[in-house]
Amino acid sequence: MSEGTATVELDVRLEKHRVELTGYCYRMLGSSFEAEDAVQDTMIRAWRSYEKFEGRSSLRSWLYRIATNVCLDMLTAGNKRARPMDLTESTPLAQAALAPRPDNTWLEPVPDARVLPTTDDPAEAAVAKESVRLAFVAALQKLPSKQRAVLILREVLAWKASEVAELLDTSVASVNSALQRARATLAESDGQVAAADVSDPLDQEQQKLLERYVAAFEGYDMAALTALLHEDAVMTMPPFDLWLTGTSDITGFMTTLGAPCAGSHLVPVAVNGLPGFAQYKPDPEKGGFSAWAVQALEISEGRIAGFHCFLDTARWFPLFGLPLHIEGKPDEAQ
């Protein structure tokens, strides 16, 4: 085999693992962009040191070892990604103020396609989706970095304790102890980890709920929207640390500070294992609609429990493969 052919073959073998490695690094880091950087670093390190690999473990295990070390190095800075409710108390509408925090503060959204490998096993797909939910990834950020790695490898990826011990150069007893402590920390997360029902694919009731949500939001019908929200629903808007609780404060915000969103157009997206939408807001200067937010919706017991809007559109819309401006709604263009 020629050197060029061997190089192409290695590239193909490495690329087969990119999506699952990106999912692993995303859970570790809480950042879609840092996860992609970590995986790229992993691929470069693997390519450069492949001759030393010698097949002593599977290529997949070896790549996870490299990716884990890359993530642990990136986490030594101590930055933990968070959601607004992890940092401040809920703000009453009367005191609402939009105060942004730096990008590296926030847990970032990620398109499902970048972190969830395709699988024919519905149960496996459901577990994978649950493991990239915003609430779950936010809870992971509260764990020390090695506990985080152990929990993901054992609980999400179903590695054996002996395999994790080998990857982390530690003992099985140490892995089991770390897993126990990690589970205890997650159990203290006030039930937030179980905030969203995940159905894959969405069941008929959930589909109807989303159709009603689109009609209510695009029509800016606050009465209809109120009927779809839990009484204690939560709304967040990173990079602002403001978050609101309850239907009256959420709809009150939307008709005051959020009033320019009236007449928006929603495009479905799959985000963090949750149903979501790319929101385009009417653009009075250019005409048409300009990107405004990526929305991720948490559904629980037939209503919307979480309504999370990520506003840094210059970063998020290209990540989801979406334009920053559209001339009109698809139904208007026909």
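The values are calculated or read from the model by the stated rules, or taken from the named source; none is laboratory data. Keep in mind it's a predicted model, so treat the numbers as computed, not measured. Backbone-built Cβ (ideal geometry, glycine too); neighbour counts: all protein chains shown. The area values use the complete protein model at the heavy-atom level, side chains included, leaving out ligands, DNA and RNA. Shrake-Rupley method; radii C 1.70, N 1.55, O 1.52, S 1.80 Å.
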- Item | Test result for ALA46, modelled with pLDDT of 95 or more and either crowded, with 16+ Cβ neighbours inside 10 Å or touching a Leu at 6+ places or on another chain (Cβ under 9 Å) (or both) | no
- How many residues are surrounded by 15 or more Cβ atoms within 10 Å (Cβ to Cβ) and under 17 Å from GLY287 (Cα atoms) if we restrict to the range 255-266? 4
- Item | Residues of the range 24-64 satisfying the condition of being over 25 Å from VAL271 (Cβ atoms) and not in a helix (DSSP H, G or I) | GLU54, GLY55, ARG56, SER57, SER58
- Inspect the range 309-324 for any residue being closer than 29 Å to MET85 by Cβ and part of a strand (DSSP E or B) and give the result as yes or no. yes
- The condition of being touching a strand residue (DSSP E or B) at 6+ places or on another chain (Cβ under 8 Å) and of a type outside the set (A, V, I, L, M) holds, among THR91, THR76, only for THR91
- Message: Could you check the range 72-91 and list, in sequence order, the residues that are of a type outside the set (Gly, Ala, Ser), open to solvent by less than 50 Å² (accessible area, probe 1.4 Å) and outside any helix (DSSP H, G or I)?
- Response: ARG81, ARG83, THR88, THR91
- Message: Condition check: of a type in the set (Gly, Ala, Ser) and under 20 Å from the mean Cα position of the chain (by Cα). Does ALA77 satisfy that?
- Response: no
- Query: Applying the selection to the range 88-132, what residues are among the basic types (Lys, Arg) and modelled with pLDDT under 95?
  - Reply: ARG101, LYS129
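Yes/no per residue for (1) open to solvent by less than 10 Å² (accessible area, probe 1.4 Å); (2) of a type in the set (Asp, Glu); (3) assigned to a strand (DSSP E or B):
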{"site": "ASP232", "(1), (2), (3)": "no, yes, yes"}
{"site": "TRP243", "(1), (2), (3)": "no, no, yes"}
{"site": "ILE250", "(1), (2), (3)": "yes, no, no"}
{"site": "PRO268", "(1), (2), (3)": "no, no, yes"}
{"site": "TYR280", "(1), (2), (3)": "yes, no, yes"}
{"site": "TRP292", "(1), (2), (3)": "no, no, yes"}
{"site": "ALA305", "(1), (2), (3)": "no, no, yes"}
- Determine which single condition SER174 fails, assuming it passes every other condition in (1) within 19 Å of ARG65 (Cβ to Cβ); (2) modelled with pLDDT under 95; (3) assigned to a helix (DSSP H, G or I). (2)
- With respect to THR236, determine if the residue is closer than 21 Å to LEU93 by Cβ, more than 21 Å from the chain's Cα centre (by Cα) and of a type in the set (Val, Ile, Thr). no
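Among ALA94, ALA149, which is surrounded by fewer than 14 Cβ atoms within 10 Å (Cβ to Cβ), out of contact with any Asp or Glu (no Cβ under 6 Å at 6 or more places or on another chain) and not in a loop (DSSP other than H, G, I, E, B)?
ALA94
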- Message: Take LEU140 and tell me if it is under 22 Å from GLU298 (Cα atoms), out of contact with any helix residue (DSSP H, G or I) (no Cβ under 8 Å at 6 or more places or on another chain), surrounded by 15 or more Cβ atoms within 10 Å (Cβ to Cβ) and modelled with pLDDT of 90 or more.
- Response: no
